[in-house]
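The block underneath contains the structure these notes are about, expressed in structure tokens.
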Amino acid sequence: MTADIDFTAFFDATPSPYLVLDADLVIRYVNPACLRTAGRTEDELIGKYFFDALPENPGFRDEAERNLKASLHRLVHTGKPETAVLQRYDVPAPDQQDGFEERWWSMIHTPLRGPDGTVKWIIQQVTDVTACVLSPRARQLSEESPERTRSMAAELYARARELHRLNRELRQAHAREQQVAVTLQEAMLSVPDLDRHTNIAVRYLPATASLNVCGDWYDIVDLPPDRYAVAVGDVVGHGLHAAAIMGMLRSALSAVIRAIPSPAQALEVLGLYARAVDGAMAATAVKILIDTRSRLIIYSNAGHPPPILLHPDGTCDLLDQATDPPLGTREHHVPRPQAGLPYIPGDILVLYTDGLIERRDEDIDAGLERLTTALAQDRALPPDPLADALLTRLNVAGGVSDDIALVVIRL
């Protein structure tokens, strides 16, 4: 659930100095901490061009204004954050006509884009490091060895710049890894047979703390002439390792069901395979065979939350009569159970992973009741709008701490 936060109150309360500029470098907001740090009032800053409100000290020329201005214009052009480390930028001294105070800063500028994708706002976070630079110890070093002090300052500046460069490269590497992960996930969740089923909607939401890849999956397999199989599964964990295990299990089950169109036998084979895959021991899956000619649902469940069959009158049946332990957990092979039940045209079958219903410090039955209630309320919707409505009603459309796979079928 998205928190209801008053962000103006948040920035007003934070002890760190912040101000907000528009793309023309006009100051639009200044928090109290920034006013105290700069020794200015809102009337002196709000609505003013930054370099008019806070002009460069004419008595100290080291291109501070030009460097800062170039950094801000570069941010507006590229849309990428900018950091200025160990930057001297003096501020007008209070109660002194044309007087300035020596100030040293560390500055971070963060862009905010508008609906059209261009930079609309710039958030400036500043830290006043003057006390450190002008401390008695620093002054003593300067008096004892000006050359050494300048050398240390230069080294500090160079190391800070190097750290900034490394952080930027790390962010770029993370972005590349995330793009690879997303491409991998899309490839592994590709379902060619889904294109022939306008009665089926699928959704996948990664965990909010993940790389956009997780261990949840779904699959649809056509078994001509009048049957098709549906599966949903969950591998413990997040990230590329879980996604790799997911890909192996999903592919194996997809192959098995084509040769052995029995959900229980297919999960038996998958369970044997899972025992040979590192990290797959606690994986769960549910397999369903839908026979459109006899209007029969046949299923088997390996430790997974039960699918739900919703009827037109709003009542529901849980497919919980053929439940067994997760894949790979048994030391010795034991046949898995299988059950079946009829359906009528207009029924809705929903398969999902636990991220859809489980909440911390809450019994799973409460999550199941919440899901069945949401289903009954929106049962008249077609599959795609119904899938979106479920995610919204269950407050997971924006993502949660666990990944979610969802399949909605109008039978």
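The values are calculated or read from the model by the stated rules, or taken from the named source; none is laboratory data. This is a predicted model, so every value here is computed, not measured. Every residue, glycine among them, receives a Cβ derived from its backbone with ideal geometry; neighbour counts consider all protein chains shown. For accessibility, only protein heavy atoms count, side chains too; no ligands or nucleic acids. Shrake-Rupley method; radii C 1.70, N 1.55, O 1.52, S 1.80 Å.
Only one entry of ARG370, ARG379 meets the criterion of being part of a loop (DSSP other than H, G, I, E, B), in contact (Cβ under 8 Å) with a residue 24 or more places away in the chain and either in contact with a Phe, Trp or Tyr (Cβ under 6 Å, 6 or more places away or on another chain) or of a type in the set (Lys, Arg) (or both), and that entry is ARG379. Of the residues making up the stretch 72-80, at least one is open to solvent by less than 60 Å² (accessible area, probe 1.4 Å), over 24 Å from ASP52 (Cβ atoms), touching a Pro at 6+ places or on another chain (Cβ under 6 Å) and at pLDDT 70 or above.
Please tell me if LEU310 is surrounded by 15 or more Cβ atoms within 10 Å (Cβ to Cβ), out of contact with any Gly (no Cβ under 9 Å at 6 or more places or on another chain), in contact (Cβ under 8 Å) with a residue 60 or more places away in the chain and closer than 21 Å to ARG203 by Cβ.
Judged against the criteria, LEU310 is a match.
If you go through the stretch 255-269 and keep only what is surrounded by fewer than 18 Cβ atoms within 10 Å (Cβ to Cβ) and farther than 19 Å from VAL334 by Cβ, you end up with ALA255, ARG258, ALA259, PRO261.
Being open to solvent by less than 20 Å² (accessible area, probe 1.4 Å), in contact (Cβ under 8 Å) with a residue 24 or more places away in the chain, part of a loop (DSSP other than H, G, I, E, B) and in contact with a Gly (Cβ under 9 Å, 6 or more places away or on another chain) is the requirement here; does VAL400 meet it?
No.
Screening ARG359 on (1) open to solvent by 10 Å² or more (accessible area, probe 1.4 Å); (2) touching a helix residue (DSSP H, G or I) at 6+ places or on another chain (Cβ under 7 Å); (3) in contact (Cβ under 8 Å) with a residue 60 or more places away in the chain shows it passes everything except condition (3).
Applying a threshold of 7 Å to beta carbon distances and a minimum spacing of six or more residues, or different chains, the list of pairs starting in the stretch 121-137 at a residue that is among the aliphatic types (A, V, I, L, M) and ending at one that is modelled with pLDDT under 70 and open to solvent by less than 40 Å² (accessible area, probe 1.4 Å) is empty.
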